[in-house]
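In what follows, a single structure is set out as C-alpha cells and then discussed.
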Amino acid sequence: GVNWSFDWTSTIGPRTVWNLRFGLTRWEDFSGNTFGRDYDQRQLGLPESLVSQLPRQQFPRFEIGGGYGPIGSNRPGNLETDYAYSLQPNLNLVRGNHVVKLGAEGRRFDKNRLFPGQFHGNYSFSKAFSQSNPVQSDALSGNEFASFLLGYPAGGVIDDNMFPAYRSYYYAGFVHDDWKVSRRLTLNLGFRYDYEGSLAERYNRMVRGFAFDQASPIASRVPGLNLRGGLLFAGSQGESREAFNRDYMRLQPRAGFAFKVNDKLVLRGGTGCSSSASMKRVRGRDSAANRL
C-alpha cells in the first residue's frame, strides 16, 4: 500500500488559523497462484468449443478422489485495489471569550475487485467410469486415477464472474464553540452533520432490494398460485443506481461544560450524538450510529 498526504497551515492573523489537508491511500491485495498461466488447454485434448470461451488461458484444476492429490491451482489469482481520497479544510477563530472551530471533510472511496474464480475449469474424477459397470456402484472395481487417465470426469465447473468497480462518497461539516462565560464556567457547544453515501457500481451490476408486491417472473409457469416478488436491480426500471436509500438525518448536536468549584476541584460534563462512518460501506454494509 501507498499513502500520500498534504498538510498546509497558515496563520492569517493573530486570531485566525487556517488548515488544509489532503490525503490519498492506495492498497493493492493479490492472492492466489499463477501456476500454469498462458497454458493452452488444447494440449490436454480439451475441445476448441470449450477453450475458445475462456477469458484467458491457464492450466486447469483436476480434483482426483480416492486420496490422490489435486493437480493445478483452484485460485488462479485474485486482485483487489482500494483507493481513499480525503480533503479536510479547517478554520480556528478567537473572538473575545469565544474560541470557534469549524471545518468540513470530503472523502471518496473506490474499490475494484478482480476475482475470476475458477475460470480455467475445475474437473473432478471418481472411479465410476472405470468400474466394470459405469452406471452401477461397485466397491471392488474402478479407480479414480484410472478415470482421470481415461479423461472421463464425474463433474466440473467453470466460473464466469463479473469484476465490480464500486464507489461511494462521504461528507461532513462541523462547528464548535468553547465559550468562556465567566472565570469559573466554560461551555462547549457544537454541531456536526454527516452524510455517508451509498455505494454504486460502475455498470449497475448490483441488486439493491426485493420487490414483494410485483408479479413473480415465473408466475406464468406455476398455474394456480399467485406468486409475487422479484429482485430490484440498480439503475433499471426507475430504481436508483445506489445500493440503498440515502440517509440525510445524521444530525449530531453536542454540549458540555467545565465549572471550577475551587482551586482544586473542577466539574466537567457533556452529552451529544455521534455517528461513526463505516469504512466498509463500499462493500455494501451499513454503518452503526452510536449515542453517547
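The values are calculated or read from the model by the stated rules, or taken from the named source; none is laboratory data. All values derive from a computational prediction rather than experimental measurement. In this analysis, Cβ positions are derived from the backbone assuming ideal geometry, glycine residues included, and neighbour counts consider all displayed protein chains. Accessible surface is based on the protein model in full, side chains and every heavy atom, while ligands, DNA and RNA are left aside. Shrake-Rupley method; radii C 1.70, N 1.55, O 1.52, S 1.80 Å.
Numbers for the structure displayed
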| item | result |
| --- | --- |
| Residue 79 paired with residue 244, simple spin-label distance in nm, labels 7 Å along Cα-to-beta-carbon | 3.1 |
| Förster-model FRET efficiency, 45 Å R0, residue 150 and residue 114, C-beta, rounded to 0.05 | 0.80 |
| Read-out Cα extents along the principal axes in Å, derived from the coordinates shown; its label in [x] 56, 37, 35; [y] 62, 50, 43; [z] 99, 54, 38 | [z] |
| Inter-probe distance in nm under a simple model that places probes 7 Å from Cα toward Cβ, at residue 205 and residue 264 | 7.1 |
| Model label zone, residue 28; criterion: amide N under 20 Å from point 7 Å along Cα-to-beta-carbon; scope segment 96-124 | 109-117 |
| The chain - percent of accessible surface contributed by carbon and sulfur, probe 1.4 Å | 56 |
| Diffusion constant of segment 1-150 at 20 °C, which comes from Stokes-Einstein with the Kirkwood Cα-pair radius and 1.002 mPa s, µm²/s | 102 |
| Reach of residue 101 by Cα under 12 Å, taken over aspartates and glutamates that are not fewer than 8 positions away in the same chain | 177, 178 |
| Area of residue 9 that stays accessible when all protein chains are in place (1.4 Å probe, Å², to 10) | 90 |
| Rounded FRET efficiency, nearest 0.05, which uses the C-beta distance separating residue 176 from residue 237 and R0 of 41 Å | 0.35 |
| Chain lengthening between residue 10 and residue 169 when straightened (0.36 nm per residue, less Cα-Cα) | 54.5 nm |
| Mean Cβ count within 10 Å, highest first, over the residues of peptides 234-245, 24-35, 188-199, 99-110 | 188-199, 99-110, 234-245, 24-35 |
| Estimated dipole of the chain in Debye, rounded to 20 [Cβ of Lys and Arg +1, of Asp and Glu -1, Cα centre] | 1860 |
| Overall dimensions of segment 192-248 by Cα: Rg and Dmax, Å | 15.3, 56 |
